[in-house]
Amino acid sequence: MVHLKSRLFGSSLVSTAFCVVGGPLVTDPVALAALDDAATTLAQKLGVGHLEYRLRAPLHDDDHWQRRSDLYVTFQKEISAKDDDNLKAIPRKQRAMVRKGIKLGLVGEETADPDALHRIYAQSVHNLGTPVFSQRYFRVLKEVFGDQCELLLIKSAAETVAGVMSFRYNGVVLPYYGGGSMAARAVAGNDFMYWEVMRRAAARGDRVFDFGRSKCGTGSYNFKKYWGFEPEPLHYEYRLIAAKSVPENNPLNPKYRLAIKAWQKMPLWLANKMGPILSRSLG
């Protein structure tokens with residue numbers, strides 16, 4: 001569990017923060033009750049607003065827990081060992097975008113330098129109005145996960161237009177932190193980027209492509225649907241400790257719209273300096 005502390009967004013105990021899913025790993029109700037009690041006791045000791053489990057399937061149906069199944073979904077799909085099969089499985093319009101990137105000569109290039117990826121990622125999240133994670137965070141992820149963490153840059157001639165950090169485990173590849181520059185759209189950089197991740201994963205023998213989570217009704221949700229992936233609802237459960245209601249700390253909350261617009265207009269150098277201070281509280 002991760003203890004998030006923020007003056008802006010409150011305090012919470014989350015399993016697992018900065019990740020898609022978490023929650024108790026149990027095989028029987030007695031074990032679940034024991035873990036619930038320990039987590040609740042810890043949450044009360046820390047004085048957090050709420051306790052949060054991020055789940056693929058619901059765990060509780062009692063009054064102590066509140067559930068949201070309408071905010072996030074995740075996308076997974078099996079992939080073939082053959083590039084032609086994987087390309088044909090992409091719906092026609094999206095496949096045309098992938099072919100556009102191929103035709104324009106985009107290439108994927110692995111790098112061992114997290115800072116090179118961070119530079120392009122920082123541009124992307126700034127355009128979305130989202131605080132960026134620190135360079136140090138990217139360096140630590142690469143150091144800890146090693147060969148299971150792939151850093152891929154997409155280049156158009158000598159210019160890097162997109163990049164993504166992917167994680168691999170047990171035959172599954174998960175492109176997690178990715179984005180493109182303003183120049184990426186004209187050359188289908190983001191479309192080609194995810195195809196390149198898929199192509200490389202298939203060549204290594206991975207057989208599941210995990211597109212990660214998205215908020216319902218957002219651009220990223222639609223983008224993944226265009227690839228032929230079907231959404232799977234995520235069931236996030238909350239136990240209120242000091243808070244009076246389930247938190248709404250996400251960009252869809254109307255009260256954050258002005259802040260998002262202001263962040264988009266902020267100079268990139270300033271956003272990169274302030275972003276890491278805020279992002280570590282978002283979880």
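The values are calculated or read from the model by the stated rules, or taken from the named source; none is laboratory data. Because the structure is a prediction, the values reported are computed rather than measured. With ideal geometry, Cβ positions are generated from the backbone for all residues, glycine too; neighbour counts draw on all protein chains shown. SASA here: full protein model, heavy atoms, side chains in, ligands and nucleic acids out. Shrake-Rupley method; radii C 1.70, N 1.55, O 1.52, S 1.80 Å.
Odds and ends about this structure:
- Averaged over its residues, segment 74-231 has an accessible area of 49 Å² per residue, based on protein heavy atoms and a 1.4 Å probe.
- About its Cα centre, segment 74-231 has a charge dipole of approximately 580 debye under the convention of +1 per Lys or Arg Cβ and -1 per Asp or Glu Cβ, with nothing else charged.
- With the helix formula -39500 (n - 2.57) applied to DSSP H stretches of n ≥ 4, the chain reaches a computed 222 nm mean residue ellipticity of -11500 deg cm²/dmol.
- What a 1.4 Å probe finds exposed on segment 74-231 is 50% carbon and sulfur by accessible area, rounded to a whole percent.
- Overall form of segment 74-231 per C-alpha gyration tensor (a/c, 1.5; a/b vs b/c): rounded
- 18 Å Cα-Cα threshold exceeded, pairs from 100/155; 93/224; 142/224; 77/225: 142/224
- In sequence order, calculated HN-Hα J values of segment 192-197 (Karplus, 6.51, -1.76, 1.60; Hz; x Gly/Pro): 5, 4, 6, 5, 5, 4
- Relative to the longest principal axis of the Cα atoms of the chain, helix 135-145 runs at roughly 90 degrees.
- Whether the chain is rounded, prolate or oblate, judged on the alpha carbon gyration tensor where a/c under 1.5 counts as rounded: prolate
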